[in-house]
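Taking it in order: structure first as structure tokens, then the write-up.
Computed from the coordinates by the stated procedures, all read-outs in this text should not be read as laboratory data. Only a predicted model underlies this, so the values are computations on that prediction, with no experimental measurement involved. Positions of Cβ are generated from backbone atoms using ideal geometry, with glycine treated the same way; all protein chains shown enter the neighbour counts.
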Amino acid sequence: MAPKPPVPITILTGFVGTGKTTLLLNLLPQLRRLDPSYRLSMIKNEIGDLAVDSALAASAELSSSREMLGSCICCTNVGQLGSALEELLEDNPDRIIIETSGSAEPIKLVVEINRQAVETGRYTLDGVVSVIDVMNWEGYSSASYTAKLQAKQTDLIVLNKWEDAGEDKLDRVLDRLGDLDVETPHVKSDMGWINVELLFGLDGKMVKGLVKDEGHHHQNGEKHDHNEEMECLSVTLEGKREDEADLKKLDDLLKKAPKDEVFRIKAIVHSKTPPIGFQGATGDDSEGLSRYILNWSFGRHTWTRDSSASTEGPLLRMSLFLAQYESTKWTKRLESGQYVSTTENPEQSGLVVTRVL
């Protein structure tokens, strides 16, 4: 029997909140139309302990998925990548997509995948795709050296959310990319939609050429700890089953969080009352509870009802991704109950705020 061809791997990278998961979810219907039997598997890396994006992706038509939580995949988690890939191979995928955390440096992941490919012969790197939020890139790229690396260490740049930014801001972003000596091809998404044929089959030629340069920089003592660029708080609100998280306070947080201090908010809420602004059916269990998933990014947010998962657990779990040096201030704000508490007896709420990055 002839050996199976190596499984192509696509790396999907970009800063927090750029729309990577949305882009991925928009690929799935296209693949199903082209080939109903196509099997796409995913490895999702998320900083912290709350797998919001993974929960959204799990509801899609993926053949399999694996989560790598807690830290950045290009650092302490990189050693776990081989095991995760091996598990996915059991599902015979036609392709594997690795969606990195917002703080990942693509080149380190490229090196590890190339190593796995050489040692096992079971994988091949197809390419690296970097997603840029045109509306906010000027701000977060100024604060994050890693965001600039993500724009350089890639085979294709997807310009996302450009429709709301306007042509002037789009031109400025392209100028800034030019200042980085970036010659990578770019394409504009259509509200987070990209033709799958543009993303697959890249062959990874451009980013593979950077691997040698990366090794040279490290040999000459150039070091950069991207974990110092962003901080992350984990929030848990415990309560009795009859308790409710105060959704008005939470909505106040979503409206007032400054974009230069708070990059991303993710949350899972169990509630009988739908979140403010949510439209749709409610009441998934015998007690009328529903599970809602929050995605907030640079001032915009969506709520999604997840009827596929249990409503057991805390009333609220939330992760906040903050600019450097902001965690102390935001820990105090959150612990005060200003933005998170129960509606009844808020002073007795089981609220715990922990810095995880």
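Show the residues, 5+ positions off or on another chain, whose built amide H is closer than 5 Å to the amide H of Lys259.
Those qualifying (amide H under 5 Å, at least 5 residues apart or on another chain) number zero.
Report the gain in length on full extension from Thr120 to Asp171: 0.36 nm times residue separation, minus Cα-Cα distance, nm rounded to one decimal. Don't skip to the end; give the middle numbers.
Values: separation 51, 0.36 × 51 = 18.36 nm, distance 4.38 nm.
Here the answer is 14.0 nm.
Report the chymotrypsin sites (Phe, Trp or Tyr not before Pro) located in the stretch 284-357 that are in a DSSP loop and have at most 13 other Cβ atoms inside 10 Å of their Cβ, or state none.
On the way: sites: Tyr292, Trp296, Phe298, Trp303, Phe321, Tyr325, Trp330, Tyr339; in loops: Phe298, Tyr325, Tyr339.
Here the sparse-neighbourhood loop sites are Tyr325.
Once fully extended, how much extra length lies between Asn92 and Phe200, figured as 0.36 nm per residue of separation less the alpha-carbon to alpha-carbon distance? All intermediate terms of the calculation are to be shown ahead of the outcome.
Working: separation 108, 0.36 × 108 = 38.88 nm, distance 1.81 nm.
Difference between extended and current length: 37.1 nm.
Which of the peptides 231-239, 154-162, 310-318, 118-126 is most tightly packed, and how do the rest follow, going by the mean number of other Cβ atoms within 10 Å of each residue? Kindly include the intermediate steps, with their values, before the conclusion.
Working: 231-239: 20.9, 154-162: 23.4, 310-318: 19.1, 118-126: 15.7.
Result, highest mean Cβ count within 10 Å first: 154-162, 231-239, 310-318, 118-126.
Round to the nearest 0.05 the FRET efficiency obtained for Asp252 and Asp164 when R0 = 25 Å and r is the Cβ-Cβ distance. It would help to have the intermediate numbers written out before the result.
Numbers: r = 23 Å, r/R0 = 0.93.
For R0 = 25 Å, the calculated efficiency reads 0.60.
For a footprinting-style exposure proxy, rank Ile268, Ile132 by other Cβ within 10 Å, fewest first. Mind dumping the intermediate values first?
Working: Ile268 22, Ile132 28.
Final ranking by Cβ density, sparse to dense: Ile268, Ile132.
Want the number for Gln338 to Val352: 0.36 nm per residue separation, take away the alpha-carbon distance, what's left? Could the numbers behind the result be given before it?
On the way: separation 14, 0.36 × 14 = 5.04 nm, distance 1.36 nm.
Extending this stretch completely gives an extra 3.7 nm.
Within 10 Å, count the other beta carbons around each residue, average over each peptide in 258-266, 96-104, and list them highest first. Before the final figure, lay out each step's value.
Details: 258-266: 19.3, 96-104: 26.9.
Taking the mean over residues of other Cβ atoms within 10 Å, the ranking is 96-104, 258-266.
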